[in-house]
Amino acid sequence: MEEQALVARWNARWYEALRLWSPYLRLREPLYLWTEKEEHEQGLHDSFAVIRFWDTQVMVSLRKVTALGLQDHALSILAHEIGHHSYTPGDLGEHLRILDRMSGMLPGFEHLAPVVANLYTDLFINHRLKTRHKLPIEDVYRVFREQVHESRLMQWYLRIYELLWGLAPHTLAVGQVLIEDEGDAILASRIIRRFSEHPLQAAGRFAALTLNKLESDYSAKTRFHVLWGDTLRSAEGSAIPEGLAYQDLDPQDGMHPAFDPELFDEQGEEKLASSGIESKGKVNRNRRGINDYSTLLQRAGMRVTAQEVVLKYYAELASPHLIPFPQSRQPQSADPQLEGLDPWDVGRPLDKIDWLETLLRGPVVIPGVTTVERIENEVSGQESGLRPLLLDVYIDSSGSIPNPQTQFSPLCLAGAILSLSALRANSRVRVVLWSSELQGQVLTTDGFTRNVKDIFRVLTSYFGSNTWFPFELLQKSYQSPNNRPGLMPSEKVHLLVISDDGVETMLQAAEKTPEGVEKITRILQYAGGGASMVLNFFPSVRRLELVKKLRALGWSVNVVNNWETVIDFSREFSKRVWSQP
């Protein structure tokens, strides 16, 4: 009965806590936990209350709340947790961007960026609840102050609250606050007021203030306790968000607050905090390396596979370059036929959502989790229509090519741009990754497909061995006009090869066949949609002779002198090769 009564008391404050942030805010009711087993199953480990990004769930351990004597602080605690969803960080993408900026200012302590980020966002939330709604947040922190009095970091942190709220010294920070930490606490309090509308912009500056405290606690082997670790595991179970393949770094945020003139301008601080004017610094967007991308996700505690990481990385890099595939006119149109359902994620067109099937999966719609879209194929109709060219792309994966899983690969990105553009135009793609056919190092998609995961499974793989073009596979695919496995008679295929001078092995392999290199010309005729090559090398007499032979056989050969140029080629490829008058 006591448990039920406590749940009823806390639930009675839930909607009041929501209204503190917005009268229109809607979140599901908190999940109240009573046993250690329930806490472990739900991922509540580091605090008495936590949030979860993937389903915007607030969880409260009433077992811990009771042990700490916080039963009467339901409104403060619930409003604080709601603040993480509605204010800062707000969502997983913003949380990861805060971690990214902080990591750069914590050399040697990058792994503690989640701890610093938790402390940082708590400051903004608690300050707003205290100053705007007069909630007694300090009473929650009084419970912990004896547990952290030996930690330099946590004493400094509690001192920030005393300065923000005009509390007498030692109201919260009962331990010793060093003289230099007093100055840093003043700077931190100014950051919280100055950047109240844009917390991300000062994340690096705040992290810079914590570095010497972290070093001191670690050198003294002081085990500091995070008072309210409600975002430390909040990313667990979430899908990878968009917008992380590029860093959005503000040069001003890389400055130590002690050298930031804006933090010493009290008039400017009040003006900017009230008006919400953004930082004057110009944000630099730099492409993030695949290793940095993976490390950031790991640092946030995301449980995703290496394959998921690589797929998301290259798909996001390809997104700005996508263009519809050109289409060639065919004698018959096609009528849609439902083949199944696929998950719908943020970034896909809204009109693709199958709302009936989505709602059948549950009454609560969670984008990227419960949302699905229809997958349709075409059956022959009676009216004239358009059918896009199919793409058959052969990508070199020998030792001279970058490994897309460990370093940025322009070839992988080019393949992603081409493949996703084809799918956008309702075409199908076959990807062939090859190093040495003689050693069996050939990987292909399951024929011509629209399965994105299958395409990226091949694109992001790697051999890194010797070079021998898979000519036998090419022959089997286009043996005659009426013998093209997996293709309809009316479908035309454009052949594309991305390689370096290792493509010479195609001619060497063809010369071993009875008909020699003339067989290549017939293969191109049977494919029916043209053929292109993009080759990366610096011209020489031998290489120019190779290009001449390939062009004579019907290939449109494009020579580049660095792999980055392949990205530009892939973006312009459709317009240059397939555009119709």
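Couple of notes before you dig in:
- Residues of region 10-17 include at least one that is of a type in the set (D, E, K, R), part of a helix (DSSP H, G or I), modelled with pLDDT of 95 or more and touching a helix residue (DSSP H, G or I) at 6+ places or on another chain (Cβ under 8 Å).
- Residue in region 74-84 that is among the acidic types (D, E), under 30 Å from Q176 (Cα atoms) and in contact (Cβ under 8 Å) with a residue 40 or more places away in the chain present: yes
- Selection of region 446-468 for residues being crowded, with 23+ Cβ neighbours inside 10 Å and either in the same structural domain as G289 (by TED's automatic domain parsing) or not in a helix (DSSP H, G or I) (or both) yields T460, T467.
- Residue check for V517: surrounded by 12 or more Cβ atoms within 10 Å (Cβ to Cβ) and closer than 17 Å to V393 by Cβ: no
- Test: G83 is assigned to a helix (DSSP H, G or I), under 31 Å from the mean Cα position of the chain (by Cα) and closer than 30 Å to L249 by Cα: yes
- Selection within region 15-32: residues that are surrounded by 15 or more Cβ atoms within 10 Å (Cβ to Cβ) and in contact with a Leu (Cβ under 6 Å, 6 or more places away or on another chain). The member of this set that is farthest from T88 (Cα to Cα) is Y32.
- Flag set for Q327, criterion: in contact with a Pro (Cβ under 6 Å, 6 or more places away or on another chain), of a type outside the set (D, E, K, R), at pLDDT below 80 and surrounded by fewer than 20 Cβ atoms within 10 Å (Cβ to Cβ).
- R522 vs. criteria charged (D, E, K, R), in the same structural domain as L418 (by TED's automatic domain parsing) and over 21 Å from L474 (Cβ atoms): no
- Residue within region 124-147 that is closer than 21 Å to N212 by Cβ and in contact (Cβ under 8 Å) with a residue 40 or more places away in the chain present: no
- The C-beta contact set for region 189-202 (first residue assigned to a helix (DSSP H, G or I), second residue at pLDDT below 95 and among the hydroxyl-bearing types (S, T, Y), distance under 7 angstrom, 6+ apart or interchain) comprises Q201/S279.
- Of all the residues in region 344-364, those that are closer than 18 Å to L420 by Cβ and outside any helix (DSSP H, G or I) number 6.
Yes or no, residue by residue, for (1) outside any helix (DSSP H, G or I); (2) under 28 Å from E16 (Cα atoms); (3) assigned by TED's automatic domain parsing to the domain that holds H45; (4) modelled with pLDDT of 95 or more:
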{"residue": "L106", "(1), (2), (3), (4)": "yes, no, no, yes"}
{"residue": "A113", "(1), (2), (3), (4)": "no, no, no, yes"}
{"residue": "V116", "(1), (2), (3), (4)": "no, no, no, yes"}
{"residue": "N126", "(1), (2), (3), (4)": "no, yes, no, yes"}
{"residue": "L129", "(1), (2), (3), (4)": "no, yes, no, yes"}
{"residue": "R132", "(1), (2), (3), (4)": "no, yes, no, yes"}
{"residue": "H149", "(1), (2), (3), (4)": "yes, no, no, no"}
{"residue": "H170", "(1), (2), (3), (4)": "yes, no, no, no"}
{"residue": "G175", "(1), (2), (3), (4)": "yes, no, no, no"}
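- Residue match in region 294-303 (condition: surrounded by 13 or more Cβ atoms within 10 Å (Cβ to Cβ), of a type in the set (D, E, K, R) and modelled with pLDDT of 85 or more): yes
The values are calculated or read from the model by the stated rules, or taken from the named source; none is laboratory data. In this text, all values refer to a predicted model and were calculated from it rather than measured experimentally. When we count neighbours, we look across all protein chains shown, and the Cβ atoms used for this are built from the backbone with ideal geometry, even at glycine.
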